[in-house]
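One structure below.
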Amino acid sequence: MLNFLKTISAKNPNSSRGGGDKPPVSVRERVSALRNLPAFLKLIWRTSPRLALANIALRLLRAGLPLAMLYVAQLILDAVVALTRLPAPERVLTPVLTLVALEFGLVLLTDALGRGVALLDSLLGDLFANQSSIRIMAHAAELDLDQFEDSTFYDKLERARRQTLSRTVLMSQVLSQGQDFVTLVLLAGGLVAFQPWLLGLLLLAVVPAFLGESHFNERSYSLSHSWTPERRELDYLRQTGASDETAKEVKIFGLSDFLINRFRELSDDFYTQNKSLVLRRAGWGALFAGVGAAGYYGAYVYIISRAVGGQISLGQLTFLAGSFARLRGLLEGILSRFSSVADGALYLQDFFDFFALRPRIVRQQVTGQTARPFPRPIRQGFEFENVGFQYKNGTKWAIRNLSFKLEAGEKLALVGENGAGKTTLVKLLSRLYDPSEGRILLDGHDLREYDPAELRQEIGVIFQDFVRFQLPAGQNLAVGRIEERTNQPRIETAAQQSLADSVIAKLPGGYDQMIGRRFNGGVDLSGGEWQKIALGRAYMRDAQLLILDEPTAALDARAEHEVFQRFAELTKGKTAVLISHRFSTVRMADRILVIENGEFVEIGSHEDLLAKGGRYAELFALQAAGYR
């Protein structure tokens with residue numbers, strides 16, 4: 001067998017891809033992966049103890065039926081043979097018919113229990129899949145933004161998502177394994193009483209096939225695991241090549257052939273590797289199936305010879321032959337399923353690995369209290385003290401040596417060229433990131449001492465790349481304070497404040513109109529209309545700090561001016577940060593912070609910075625010249 005494993009390993013054409021397959025999983029690793037099963041079974045039990053208990057009870061009942069049916073069949077055959085030896089007048093069929101009726105009842109019971117088990121498996125599996133998906137979404141919401149920007153994290157997330165549905169299959173396999181093991185023990189008892197060495201022959205017939213399946217399952221897991229990034233790319237290419245979101249650019253730039261060729265290259269590569277694997281698996285599987293069949297028929301011939309010799313009855317022949325055949329099938333199924341369960345446990349490790357990820361952005365412990373209460377209202381404001389931030393795997397600092405103060409109730413504008421670090425600063429302020437160096441204070445205390453969730457409840461942020469949720473118009477606005485999604489007056493007020501009410505007035509369904517083309521009856525909006533909806537989320541938030549990161553880029557100059565005039569009126573007494581490339585808007589701020597290459601350049605009012613004649617004055621003059 002070791003030579004066999006070496007032979008088929010040597011024939012494995014790994015891998016035309018640069019990275020190659022994940023190294024084959026050792027037997028020790030596969031057995032070690034079984035330690036995930038108790039935690040997995042505990043999750044299933046928690047999903048629905050009532051359904052789980054009912055499933056186990058039905059399986060235990062069904063496990064004993066094969067032995068009972070074989071025994072009844074033996075009694076029927078022996079009774080028939082006994083009747084044939086009696087004179088015709090003495091042949092009474094009642095006992096035989098009673099046994100046949102009993103066997104018929106066992107058949108009906110077997111079918112009923114099988115259907116009951118399948119029903120409970122389906123219900124329990126659906127509940128488990130739903131709850132697992134919810135757990136994945138809930139856990140993902142707890143993780144940090146920079147984790148979502150890491151490809152390794154996305155591989156873990158993708159594998160966890162894939163496990164959600166396939167783990168319901170594992171659940172059925174584990175429960176079936178227990179059921180078949182009970183049946184095997186019951187049947188083996190009868191076989192051992194007749195001739196113990198037949199069990200040894202049975203093992204010799206099925207173990208080679210088990211080892212072969214185990215090997216190929218290892219190779220299949222390795223191939224699937226190593227292809228996680230490429231699978232994500234295939235999904236991306238499939239979506240990009242046929243999506244309403246990308247159709248314009250695909251047509252304009254003639255990208256279809258490029259996307260199709262890349263998809264074909266990756267999919268053909270995977271097909272080639274998988275084809276080699278399945279062909280070798282089929283070949284060796286056929287060989288070992290032949291070995292198993294030869295073992296079975298060898299035992300069958302031996303049992304027949306004992307019956308011909310008169311050492312056992314025809315009924316016992318039926319019982320023993322049936323027991324051996326069922327034992328062979330059960331043992332093959334158990335061993336094969338064990339391999340699948342072990343592989344499932346390996347995949348299950350991916351599932352638990354995702355939930356083992358922990359956010360780094362958490363509140364720091366404050367002496368004598370669980371968290372520092374968030375100030376209501378903010379009294380002093382925010383202060384950056386020599387703040388620096390570098391993205392993971394980044395080659396340069398996004399922000400460095402940045403020190404300034406955002407006073408409570410002040411409106412601060414951020415100015416700088418693309419890539420200057422403005423959006424990064426906003427993400428630090430809302431604690432989507434923590435500084436790599438330095439600290440940010442709120443009312444004199446480190447921002448990390450406040451509960452992140454409570455902090456974000458008091459901050460309303462609209463990013464330039466805001467999400468266009470495929471939801472009704474009212475719910476799209478309510479995203480800003482989703483717990484108020486049934487508060488229609490508040491939603492309508494937010495729409496009026498952001499000027500989105502004029503957009504909604506044109507929709508056939510008003511606030512109930514589905515926005516976006518993904519679902520039936522959906523209506524898409526222009527970029528400017530979407531931005532007004534997004535702005536409404538900020539007003540829906542009613543937070544102490546409002547941050548607008550290029551929220552009006554799709555609006556014309558007049559519309560943007562109107563939006564910001566409204567913004568200035570509605571945020572009186574509140575702290576606000578706004579980013580805009582239009583200086584006609586920026587000049588509305590109390591102060592303007594100019595940053596370049598992530599570093600502080602200057603800060604002051606519009607008039608002060610123009611009088612200073614520095615970088616702001618230069619940028620203002622360049623933009624003004626474009627309008628002359």
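The values are calculated or read from the model by the stated rules, or taken from the named source; none is laboratory data. Computed from a predicted model, the values in this text were never measured in an experiment. Note that each Cβ is placed from the backbone with ideal geometry, even for glycine, and that neighbours are counted across all protein chains shown. Heavy atoms of the whole protein, side chains included, go into the accessibility calculation; ligands, DNA and RNA do not. Shrake-Rupley method; radii C 1.70, N 1.55, O 1.52, S 1.80 Å.
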Contact order normalised by residue count of region 34-356, Cα under 8 Å, 6+ apart, percent:
33 percent
Write down the percent of antiparallel bridges among all DSSP beta bridges whose residues are both part of region 394-626, to the nearest 5.
30 percent
So the FRET efficiency between Leu109 and Glu449, C-beta based with R0 = 60 Å and rounded to 0.05, is 0.40
Alpha-carbon centroids, region 168-191 and region 107-156: separation in whole Å:
23 Å
Sequence-separation-based contact order of the chain, relative, with Cα cut under 8 Å and 6+ spacing, percent:
14 percent
Between region 296-352 and region 47-87, how many Å separate their Cα centres?
17 Å
Cα centroid separation - region 379-433 against region 562-607, whole Å
14 Å
Could you work out the relative contact order of region 394-626, using alpha carbon pairs under 8 angstrom and six or more residues apart, expressed as a whole percent?
30 percent
Within the chain, what percent of beta bridges assigned by DSSP are antiparallel, to the nearest 5?
55 percent
Label points 7 Å out from Cα along the Cβ direction at Tyr271 and Asp542: separation in nm?
5.8 nm
Helix-derived [θ] at 222 nm for the chain: sum -39500 (n - 2.57) over DSSP H runs of at least 4, divide by residue count, nearest 500?
-21000 deg cm²/dmol
Could you check the simple spin-label distance between Ala356 and Thr94, using points 7 Å along Cα→Cβ, in nm with one decimal?
6.9 nm
Of Lys396/Lys574; Lys251/Lys427; Lys396/Lys422; Lys251/Lys532, which sit over 23 Å apart, Cα to Cα?
Lys396/Lys574; Lys251/Lys427; Lys251/Lys532
Would you list which aspartates and glutamates come within 20 Å of Lys392, measuring only between C-alpha atoms, while excluding same-chain residues fewer than 8 positions from it?
Glu142, Asp144, Asp146, Glu149, Asp150, Asp155, Asp434, Glu437, Glu599
Average the reciprocal distances over every distinct pair of alpha-carbons in region 515-578, invert the result, and give the Kirkwood radius in Å.
12.9 Å
Using a 1.4 Å probe on the protein heavy atoms, what percent of the accessible area of the chain belongs to carbon and sulfur?
58 percent
The convex hull of the Cα atoms of region 34-356, divided by residue count, gives a volume in Å³ per residue of 179 Å³
Chymotrypsin sites (Phe, Trp or Tyr not before Pro) within region 495-550, DSSP loop, no more than 15 other Cβ atoms inside 10 Å
Phe519
Rg (Å, one decimal) plus Dmax (Å, integer) for the alpha carbons of region 394-626?
18.3, 57
Once the Cα gyration tensor of region 262-304 is found, what semi-axes does its equivalent ellipsoid get, as square roots of 5 times the eigenvalues, in whole Å, sorted largest first?
41, 6, 4
